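Below is one structure, written out as structure tokens, with a few remarks after it.
The values are calculated or read from the model by the stated rules, or taken from the named source; none is laboratory data. Predicted model only: the values in this text are computed from it and were never measured. In this analysis, Cβ positions are derived from the backbone assuming ideal geometry, glycine residues included, and neighbour counts consider all displayed protein chains.
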Amino acid sequence: MSSIPRKFKKEEIVFVPISWRETIDKYPSYRKKAIKENEPGFYTLIVILSTAIVRRNTELVYESIKLTKKNVPEHIYLSLAGSALCDLGFKDEGLTMLRKSIEHEKSSTLLLGLAAETDNPEEAQNLSEMVLRNNPQDCDALRHLAFAKYSKGEKDEAEEILDKVLKIEPTNKFALENKGNSCFNRKEYDKALETYLKIDLNPTPVSLQYKICCCYYKLGCLKKAKKIAKKIKDKVSLSYDFDDDTENARNLLQEISSS
């Protein structure tokens, strides 16, 4: 554990995928619990994987498995490590691990772990619907279902599902981001901005700062857009969950900064 940091800097966290933020926010607590484990177990797995994500160190993923596999159920380390590998860019290997995890146990957590990472919207929809059959109010399943439907072009139905999620959980950051994206794609920049600003993450991810910046720019709020653009124009290529082409994004941010 000596090589594992006590905490992460804000300037590191801004690049982390939103899906990992809750885990990263709890990292100091997890680290304390990991240190107290008699044998490297679940909390050791979590803190090493968190470090792998923040520091972009794929080797740490394999180290986490090696250290903990004797003390952590196979389906758990396969799911967590598989998700980490997907986010680090090793999609095929990560998906193989995620699919293997649900061969051991088809819990809602494992099913939705695969739904979150698969590039196949039909698979994501099927996995989400499996969870919803047992719990129709499961917000994670609903948001994955919405994203799958949006990817298939069923945009109106996807937005209805997102609205349902936000009625159940008004602060659901994933639903808010996807709702904001829908509004932005319809050129409803005022609604998109209002939705993005409701996402409570500190520090604010670079990917989200970029979307907020674009909204301000489209709405003619150049001073606010310029302030954000200057801050992030050299950082977009480092963000994990950046949706747009990074070269085009850098060009736009440079244009806004120089306006």
Practice problem: Check whether at least one residue in region 91-101 is under 27 Å from ASN38 (Cα atoms) and in contact (Cβ under 8 Å) with a residue 24 or more places away in the chain, and report yes or no. | Solution: yes
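Take GLY82 and tell me if it is in the same structural domain as LYS9 (by TED's automatic domain parsing) and closer than 28 Å to LEU238 by Cα.
yes
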Practice problem: Could you please let me know if LYS211 is within 15 Å of VAL14 (Cβ to Cβ) and either at pLDDT 95 or above or among the acidic types (Asp, Glu) (or both)? | Solution: yes
Self-check item: Residue check for SER182: among the polar types (S, T, N, Q) and over 28 Å from GLY89 (Cβ atoms)
Solution: no
Quiz item: If only one of LEU45, LEU60 is without any contact (Cβ under 8 Å) to a residue 24 or more places away in the chain and crowded, with 16+ Cβ neighbours inside 10 Å, which one is it?
Solution: LEU60
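Just wondering, is there one or more residues in region 84-94 that are surrounded by fewer than 14 Cβ atoms within 10 Å (Cβ to Cβ) and modelled with pLDDT of 95 or more?
yes
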Practice problem: For ALA52, state whether it is small (Gly, Ala, Ser) and under 20 Å from PRO205 (Cα atoms). | Solution: yes
Quiz item: Which of (1) free of Cβ contacts under 8 Å to residues at least 12 places away in the same chain; (2) part of a helix (DSSP H, G or I) does TRP20 not meet, given it meets every other one?
Solution: (1)
Exercise. Starting from region 143-170, take each residue that is in contact (Cβ under 8 Å) with a residue 24 or more places away in the chain and among the acidic types (Asp, Glu) and list its partners that are assigned to a helix (DSSP H, G or I) and crowded, with 22+ Cβ neighbours inside 10 Å, counting only C-beta distances under 8 angstrom and pairs at least six apart or across chains.
Key: GLU169/ALA175
